[in-house]
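Asker: Have a look at the structure that comes next, please.
The values are calculated or read from the model by the stated rules, or taken from the named source; none is laboratory data. Just so we're clear, the structure is a prediction, and the values are computed from it rather than from any experiment. As a convention, Cβ positions derive from the backbone with ideal geometry for all residues, glycine included, and neighbour counts pool all protein chains shown. Areas reflect the complete protein model, heavy atoms only, side chains present, ligands, DNA and RNA absent. Shrake-Rupley method; radii C 1.70, N 1.55, O 1.52, S 1.80 Å.
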Amino acid sequence: MKFFEANFDGLVGPTHNYAGLSIGNVASLNNAKNTSSPKQAAKQGLQKMKSLSELGLVQGVLAPQERPDVYTLRRLGFTGTDSEVISLAAKQAPAVLKAVCSASSMWTANAATISPSADTADGKIHFTPANLTNKFHRSLEPLTTGRILKAMFSDDKHFAHHQHLPDNDHFGDEGAANHTRLCSDYGDAGVELFVYGRYAFDSSKPAPKRFPARHTLEACEAVARLHGLSENGAVMMQQNPDVIDQGVFHNDVIAVGNQNVLFFHEQAFVDTQSKLDEIRRKFGTAADLHFIEVKTSEVSVSEAVKTYLFNTQLVTLPNGDMAIIAPTECRDSATVSAYLEQLTGRGTPVRQVHYFDVKQSMQNGGGPACLRLRVAMSAAEHQAVNPAVLMNDSLFIRLNQWVDTHYRDQISEADLADPQLLIESRQALDELTQILKLGSVYQFQRN
């Protein structure tokens, strides 16, 4: 049976804006208050999806969240009609309004952690939505994310869905942005790498001092248990606190893996050598492993963060070559482009680099890897996925038309207080659920 890895990219939502909500994310903070273009952002994302599909990869679409989230505003004491709730929030709590308007669900690497059937005890693909407790604006996502994932992967013969972990910082879970998987072939049992920033129950352990460590060891252990992973099928690795303090808010900003390749910066982890040894031992055929370590002398942490060298997608093409899917910021950096050019000729499985313009996402703090959720699957499991969410020529055209109809060219911070934005967003999402055949996944559809 054929196995492969599919990518499900987040469709950028109609309220895409630059509010600078993510403390610890340098790009997000640097571009706060700039004017964004939801229409351009959505089209850049769709073009990347279509291009990866044309490269021969299985590519899907993950729907955005309903924003602004007036239900949360009501929970916080704002009353009246929807328009009145938004108006009151704009006057009395503008920071809260910005948070409930965030389109951050576009970064679906944070949507969930996924373990393929080859790794799990029951032979199903397991999904656990991330609780994202460290950031208020992202903590609003997991319930709707769970509904959307269940609408996409509904066949309980193949897919198992879990509730997100408890909504508490002790079990802070940032999803696949801190998780990757190594394997010989996508259908073989692999080694899943869970990366955490701190210990929740032991303050004596290393932790960053400037920026928050969003993901805990205890969350990693809980998800591994929920997914039925074996002791030999998981490795817990701590992210270097010093790089978190340099703006590396998730592991996928400093490391990325695919099949038998782990591509990482030398400053990425705590106790790197012993963890690489553990991976070799659990991987089994260690001779097939490729650890590509980028030295600080080759690319500094600051340059890696600025260009998102590691927030690239590492994918296996149909011909067997691995390719790096990089933002154009990598191409435009003399240091990073030179590194990538020599990497493809070094004799590793990585032989190609493809550059994509995702500037609207980059300026808000997320590169190509942030925009996608990976699902390794078999041909039979692929057949069980909701076919309406899988990218093809007609869906690409249909979604571009949908964006043209419903999205604004520009959004400034002041526009978030416009009650019409909620009406526009709901009209767009209601039509989207029909296009993607998701059913009533949004609260406004369920009331």
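Asker: Name every residue in the stretch 112-169 that is among the β-branched types (Val, Ile, Thr), buried (at least 21 other Cβ atoms within 10 Å of the Cβ) and outside any helix (DSSP H, G or I), in order of residue number.
Answerer: We begin by selecting, within the stretch 112-169, every residue among the β-branched types (Val, Ile, Thr); these are 113-114, 120, 125, 128, 133, 144-145, 148.
Add one more test, that the residue is buried (at least 21 other Cβ atoms within 10 Å of the Cβ), and what stays is 113-114, 125, 128, 133, 145, 148.
Within the stretch 112-169, 113, 114, 125, 128, 133 meet the criteria.
Asker: Taking the criterion of being farther than 28 Å from residue 199 by Cβ, open to solvent by 60 Å² or more (accessible area, probe 1.4 Å), part of a loop (DSSP other than H, G, I, E, B) and in contact with a strand residue (DSSP E or B) (Cβ under 7 Å, 6 or more places away or on another chain), would at least one residue in the stretch 178-185 satisfy it?
Answerer: Within the stretch 178-185, one or more residues are farther than 28 Å from residue 199 by Cβ, open to solvent by 60 Å² or more (accessible area, probe 1.4 Å), part of a loop (DSSP other than H, G, I, E, B) and in contact with a strand residue (DSSP E or B) (Cβ under 7 Å, 6 or more places away or on another chain).
Asker: Read through the list (1) open to solvent by 40 Å² or more (accessible area, probe 1.4 Å); (2) under 24 Å from the mean Cα position of the chain (by Cα), then give the number of the only condition that residue 381 fails.
Answerer: Every condition holds for residue 381 apart from (1).
Asker: Could I ask something else about it? Evaluate the stretch 250-272: report whether one residue or more is surrounded by fewer than 18 Cβ atoms within 10 Å (Cβ to Cβ) and at positive phi.
Answerer: For the stretch 250-272, residues surrounded by fewer than 18 Cβ atoms within 10 Å (Cβ to Cβ) and at positive phi: present.
Asker: For the stretch 73-95, give me each residue that is of a type outside the set (Gly, Ala, Ser), open to solvent by less than 40 Å² (accessible area, probe 1.4 Å) and free of Cβ contacts under 8 Å to residues at least 60 places away in the same chain.
Answerer: Across the stretch 73-95, the qualifying residues are 73, 78, 85.
Asker: Also: Go through (1) crowded, with 21+ Cβ neighbours inside 10 Å; (2) modelled with pLDDT of 95 or more; (3) small (Gly, Ala, Ser); (4) out of contact with any strand residue (DSSP E or B) (no Cβ under 8 Å at 6 or more places or on another chain) for residue 104 and report which single condition fails.
Answerer: (2)
Yes/no per residue for (1) within 16 Å of residue 369 (Cα to Cα); (2) of a type outside the set (A, V, I, L, M); (3) without any contact (Cβ under 8 Å) to a residue 12 or more places away in the chain:
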| residue | (1), (2), (3) |
| --- | --- |
| 231 | no, yes, yes |
| 235 | no, no, no |
| 246 | no, yes, no |
| 255 | yes, no, no |
| 268 | no, no, no |
| 277 | no, yes, yes |
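Asker: Further question on the same structure: List the pairs whose first member sits in the stretch 195-206 and is touching a residue at least 60 places away in the same chain (Cβ under 8 Å) and closer than 27 Å to residue 257 by Cβ, whose second member is among the hydroxyl-bearing types (Ser, Thr, Tyr) and open to solvent by less than 50 Å² (accessible area, probe 1.4 Å), and whose Cβ atoms are under 9 Å apart, counting only residues at least 6 apart or on separate chains?
Answerer: Filtered contacts from the stretch 195-206: 195/180.
Asker: For the stretch 308-332, name all the residues that are assigned to a loop (DSSP other than H, G, I, E, B) and open to solvent by 10 Å² or more (accessible area, probe 1.4 Å).
Answerer: 317, 318, 319, 320, 321
Asker: To continue, here is another question. Do we have residue 339 as in contact with a strand residue (DSSP E or B) (Cβ under 9 Å, 6 or more places away or on another chain), aromatic (Phe, Trp, Tyr) and crowded, with 16+ Cβ neighbours inside 10 Å here?
Answerer: yes
Asker: Something else: Output the number of the condition that residue 397 fails; it satisfies all remaining conditions of (1) of a type in the set (Val, Ile, Thr); (2) surrounded by fewer than 18 Cβ atoms within 10 Å (Cβ to Cβ); (3) in contact (Cβ under 8 Å) with a residue 12 or more places away in the chain.
Answerer: Condition not satisfied by residue 397: (3).
Asker: Restricting attention to the stretch 395-447, and to residues there that are part of a loop (DSSP other than H, G, I, E, B) and in contact with a Pro (Cβ under 7 Å, 6 or more places away or on another chain), which single residue is farthest from residue 153 (Cα to Cα)?
Answerer: Looking at the filtered set, the residue picked out is 408.
Asker: Taking the stretch 240-277 as the search range and keeping residues that are assigned to a loop (DSSP other than H, G, I, E, B) and among the small types (Gly, Ala, Ser), which one is modelled with the lowest pLDDT?
Answerer: Per the stated criteria, the residue is 247.
Asker: Would you be able to say whether some residue in the stretch 214-224 is part of a helix (DSSP H, G or I), among the charged types (D, E, K, R) and touching a helix residue (DSSP H, G or I) at 6+ places or on another chain (Cβ under 7 Å)? If you could, list the steps in order and put the result at the bottom.
Answerer: Filtering the stretch 214-224 for residues part of a helix (DSSP H, G or I) gives 217-224.
In the following step, the residues that additionally are among the charged types (D, E, K, R) were identified as 218, 221.
Cutting the leftovers down to touching a helix residue (DSSP H, G or I) at 6+ places or on another chain (Cβ under 7 Å) gives us 218.
Scanning the stretch 214-224 turns up at least one residue that is part of a helix (DSSP H, G or I), among the charged types (D, E, K, R) and touching a helix residue (DSSP H, G or I) at 6+ places or on another chain (Cβ under 7 Å).
Asker: When residues of the stretch 362-378 are filtered for being at pLDDT below 95, in contact with a strand residue (DSSP E or B) (Cβ under 8 Å, 6 or more places away or on another chain) and open to solvent by less than 10 Å² (accessible area, probe 1.4 Å), how many remain?
Answerer: Looking only at that region, the number is 4.
Asker: Give 151, 177, 121 a once-over and let me know the one that is within 27 Å of residue 261 (Cα to Cα), in contact (Cβ under 8 Å) with a residue 12 or more places away in the chain and out of contact with any helix residue (DSSP H, G or I) (no Cβ under 7 Å at 6 or more places or on another chain).
Answerer: Sole residue among the options that is within 27 Å of residue 261 (Cα to Cα), in contact (Cβ under 8 Å) with a residue 12 or more places away in the chain and out of contact with any helix residue (DSSP H, G or I) (no Cβ under 7 Å at 6 or more places or on another chain): 121.
Residue-by-condition table, conditions (1) within 24 Å of the chain's Cα centre (by Cα); (2) open to solvent by 40 Å² or more (accessible area, probe 1.4 Å); (3) not aromatic (Phe, Trp, Tyr):
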site: 385; (1), (2), (3): yes, no, yes
site: 401; (1), (2), (3): no, yes, yes
site: 420; (1), (2), (3): no, yes, yes
site: 430; (1), (2), (3): yes, yes, yes
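Asker: Which residue is nearest to residue 137 (Cα to Cα), if the candidates are limited to the stretch 210-239 and must be open to solvent by 40 Å² or more (accessible area, probe 1.4 Å) and modelled with pLDDT under 95?
Answerer: Applying the filter and picking the extreme gives 212.
Asker: While we're on this one: Can you tell me which residue in the stretch 34-63 is surrounded by the most Cβ atoms within 10 Å (Cβ to Cβ), limited to those that are of a type in the set (D, E, K, R) and touching a residue at least 12 places away in the same chain (Cβ under 8 Å)?
Answerer: By that ranking, first place goes to 48.
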